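What follows is calculated from the coordinates using simple rules that are stated; it is not laboratory data. Keep in mind the model is a prediction, meaning the values are calculated, not measured. Methodologically, a virtual Cβ is constructed for each residue, glycine included, from the backbone with ideal geometry; neighbour enumeration extends over all protein chains shown.
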Amino acid sequence: MTNIIEVTDLKKYFSSLGVRNRESIKAVDGISFEVKKGEVFGFLGPNGAGKTTTIRCMMDFIRPSAGGIKIFGEDAYHDSVSLKQRIGYLPGNVQLYDKWTGQEHINFVESLMGKSKYAKDMIKRFSFDPRKKFKQYSSGNKQKLGLILALMNDPELIVMDEPTIGLDPLLQNEIYEIFDELQNKGHTIFVSSHNLPEVERICDRVGIIREGKLVAIESVGKLGEKRLRRIVVRFEDRYEKDDFKFDGVERIEELSDGLILTVRGDINPIVNKLAGYKLHDLEVSHATLEDVFLEFYKGQ
Amino acid sequence: MLSLIWRTIKDRKISLIAYSLGSAVFLWMYVAMFPMFAEKQAEFDKLFKAYPKEVFQAIGMDPAQFTLSRFESFVAVEHFSLVWPILVIILVIAFGGAMIAGEIEKGTIETILAQPISRLKIYFSKYMAGIINIVVFIIVSVFTVVPLAALHDVKYDLKNFAVMAVLGFLFALAIFSLSMLATSIFSEKGKANFSVGGLILLMYVINVISDFKESLKDIRYASFFHYYDFTKAMLDAKIDNLSIWVFLGVSVVATVLGAIWFMRRDIAV
């Protein structure tokens, strides 16, 4: 399948004087990955990991210190003007012009990108009122306007930095449906997030980035296999801690009347073992994103 | 590109209208006052001649040329010596600072950079919008003299005001170009504004000091205010060639440097 995005040994260092030295901050430190046509690729990492820096290099807002980015086979720096005709971009924090109305923003983008066939439909779909000034919109409506501007020209590649931030669950689902529709039309989506359930819901593959380095690229299925769960169990009677030491149990912490187990993968062996005990309470929850990151980061 | 120019002008229209009308109102005041001053010309001329020459030097004017017998002389000293340049300086520095640094500060620059338009076109769209702003301000603030003079029956020479408009444009263009350079370098509007504002203030001080201290008279060549010879423009309808070359030269160099810097820099909001 054709590669839509090819990032090769991308490095981006920041320094106060613009000169690389020992004090330079390595925002992105030699990452490489490809995104294939029709794929939804998630870029997962905690704040400050280098997600936004990578996206800004892709959009030619900032220039790589080393390495290269090709989009649709063209150089993201030298061919950025023609590429942007084919890319829809949604920034992490949508900042538009306070005094312009939503419609004025749409008209402005149309004046540079050409008349949109989809803007009216999207306005209707999002129940968005384009007559208000940007400063009068709620954060959700600001995000809606950002999405309309990014998608109104039916771009072949959509690059989004935390697209569902500030949106209610209904609107989040609407976005996920739009992603599904775009993917069905063969469009490619690159989305950064620190929301693991969201990435699992919408992405085919995930790149996990930490401190500027790509620690893993996994299919979402593989990510599920590595999923951690946290089981808090409180016993009515005595229990043996050693009964719970087997494969898949990553960590055991003791409480006054029970245990906290961090479990990777299948939880059935734990459930079977617990069936032999009389329990006072049992709580099973998904591990936090931090736990998942730790899972990927250990040994890196 | 045209839409970007138009949007930039539209976004700054309130300040443009305010500054233009403010300057026109000042001019109206001087036009309205002039007949009264002209009636008592002899007394005022005697009074002004008694002023220490340093008073005139501080505003860059030759006391020998100052007379209330001419409206141009009166307006030159009252309006174009200080009030008008201050308005021009504030207007163009504020406009320039908002062009790029202001957009980075607010985060709106990403909206433009995400569109299929080159950085060079973005830069020159902003630059063109600034030039149009300057032209509008100068037309309103200088040529309002035509209806106002007719209203108050004041005699004037339009050619002198036209030459003053050209000199004012060149002066404003040079400051605006420096401002575009600063706005390309910095990511905060305040830093861009203060750097150029500070430089212009320094130039003013240099010009005043060079007038007062003979040993330092050559430093005046480093000041825009030396080349902003409003007396020559208003009284003789002339601009020195050196002034034209300096203002145009600074404008070209600052504009090119600003464009190169903007094209090469990282823009992270």
- In what sequence, highest mean first, do A:104-111, A:274-281, B:126-133, A:215-222 appear when ranked by Cβ atoms within 10 angstrom? B:126-133, A:104-111, A:215-222, A:274-281
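Between residue A:246 and residue A:278, what is the FRET efficiency for a Förster distance of 25 Å, r being their Cβ-Cβ separation, to the nearest 0.05?
On the way: r = 21 Å, r/R0 = 0.84.
According to the calculation, E is roughly 0.75.
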- Checking A:191, A:263, A:35 against a Gaussian network model of chain A (alpha-carbon springs below 10 Å), the top fluctuating residue turns out to be A:263
- Item | Cut-off under 5 Å, modelled amide H: who pairs with residue A:166 long-range | none
- Note on the structure: Each label sits 7 Å from Cα toward the beta-carbon; between residue B:236 and residue B:39 the label points are separated, in nm, by 3.4 nm
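Which links in A:213/B:191; A:222/A:245; A:115/A:185; A:70/A:135 stretch past 26 Å when you go from one Cα to the other? Provide the component values of the computation, followed by the final result.
Values: A:213/B:191 34 Å; A:222/A:245 24 Å; A:115/A:185 20 Å; A:70/A:135 36 Å.
Among A:213/B:191; A:222/A:245; A:115/A:185; A:70/A:135, the Cα-Cα distance tops 26 Å for A:213/B:191; A:70/A:135.
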- Which whole-Hz ³J(HN,Hα) couplings does region A:83-95 yield from phi under the Karplus relation 6.51 cos²θ - 1.76 cosθ + 1.60, θ = phi - 60°, glycine and proline marked x? 5, 5, 5, 10, 10, x, 10, 10, x, x, 10, 5, 10
- Item | Residue (of B:253, B:32, A:119) at the positive-pole extreme of the protein assembly as shown, dipole from beta-carbon charges | B:32
- Query: What are the lysines whose alpha-carbon lies under 27 Å from the alpha-carbon of residue A:241, with same-chain residues fewer than 8 places away excluded?
  - Reply: A:226, A:273, A:278, A:298
- Query: Just how large is the dipole of the protein assembly as shown about the Cα centre, in debye to the nearest 20, putting +1 at every Lys and Arg Cβ and -1 at every Asp and Glu Cβ?
  - Reply: 1200 debye
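If you count, for each residue, the other Cβ atoms within 10 Å and average over each peptide, how do A:63-70, B:134-141 line up from highest to lowest?
Numbers: A:63-70: 17.1, B:134-141: 19.6.
So the order, starting with the most tightly packed, is B:134-141, A:63-70.
Anything over 31 Å Cα to Cα? Flag those among B:13/B:159; A:132/B:106; A:117/B:10; A:124/B:126; A:51/A:142, in the order listed. Intermediate results must be reported in sequence, preceding the final value.
Working: B:13/B:159 29 Å; A:132/B:106 19 Å; A:117/B:10 27 Å; A:124/B:126 34 Å; A:51/A:142 22 Å.
Those over the limit are A:124/B:126.
Could the peptides B:80-90, B:8-18 be put in order, highest first, of the mean number of other beta-carbon atoms found within 10 Å of their residues? Provide the component values of the computation, followed by the final result.
On the way: B:80-90: 19.5, B:8-18: 15.4.
Packing proxy ranking, top to bottom: B:80-90, B:8-18.
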- Taking amide H positions as placed in the peptide plane 1.01 Å from N, state which residues far from residue A:215 in sequence (5 or more) or on other chains have amide H under 5 Å from it. A:208, A:209, A:210
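Taking the Cα centre of region B:2-264 as the origin, how large is its charge dipole in debye, to the nearest 20, when only Lys and Arg (+1) and Asp and Glu (-1) carry charge on their Cβ atoms? Mind dumping the intermediate values first?
Values: 23 positive and 20 negative charges, 147 e Å.
Dipole size: approximately 700 debye.
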- Query: Any idea what Rg and Dmax come out to for the protein assembly as shown if you just take the C-alpha atoms, in Å?
  - Reply: 32.8, 116
- Percent antiparallel among DSSP beta bridges confined to the protein assembly as shown, nearest 5, equals 70 percent
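What is the average number of partner chain Cβ atoms found within 10 Å of a Cβ in B:9-17? Provide the component values of the computation, followed by the final result.
Values: counts 0, 3, 4, 0, 0, 1, 0, 0, 0.
Going residue by residue through B:9-17 and averaging, the value is 1.
Summarise the partner chain shielding of B:111-122 as one whole number: the mean count of Cβ atoms from other chains within 10 Å of each residue's Cβ.
On the way: counts 12, 3, 8, 15, 10, 12, 4, 3, 3, 1, 2, 0.
That works out to 6 on average.
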- Computed helical MRE - 222 nm, the protein assembly as shown, DSSP H runs ≥ 4 contributing -39500 (n - 2.57), nearest 500: -16000 deg cm²/dmol
- Message: I'd like to know which of B:241, B:16, B:73 lies farthest towards the positive end of the charge dipole of chain B, counting +1 on Cβ of Lys and Arg and -1 on Cβ of Asp and Glu.
- Response: B:16
- Message: Whole-Hz ³J(HN,Hα) for each residue in region A:275-285, computed from phi via Karplus 6.51 cos²θ - 1.76 cosθ + 1.60 with θ = phi - 60°, x for glycine and proline: what do you get?
- Response: 4, x, 10, 8, 9, 8, 7, 9, 9, 10, 9
- Note on the structure: Kirkwood Rh over alpha-carbon pairs of chain B plugged into Stokes-Einstein at 10 °C, 1.306 mPa s gives a D in µm²/s of 81 µm²/s
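Would you mind giving the mean number of other chain beta-carbons within 10 Å of the Cβ of each residue in A:86-96, as a whole number? Kindly include the intermediate steps, with their values, before the conclusion.
On the way: counts 1, 2, 1, 5, 2, 6, 3, 3, 3, 9, 5.
Going residue by residue through A:86-96 and averaging, the value is 4.
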- Query: So for region A:3-224, what percent of the C-alpha to C-alpha distances run longer than 22 Å?
  - Reply: 51 percent
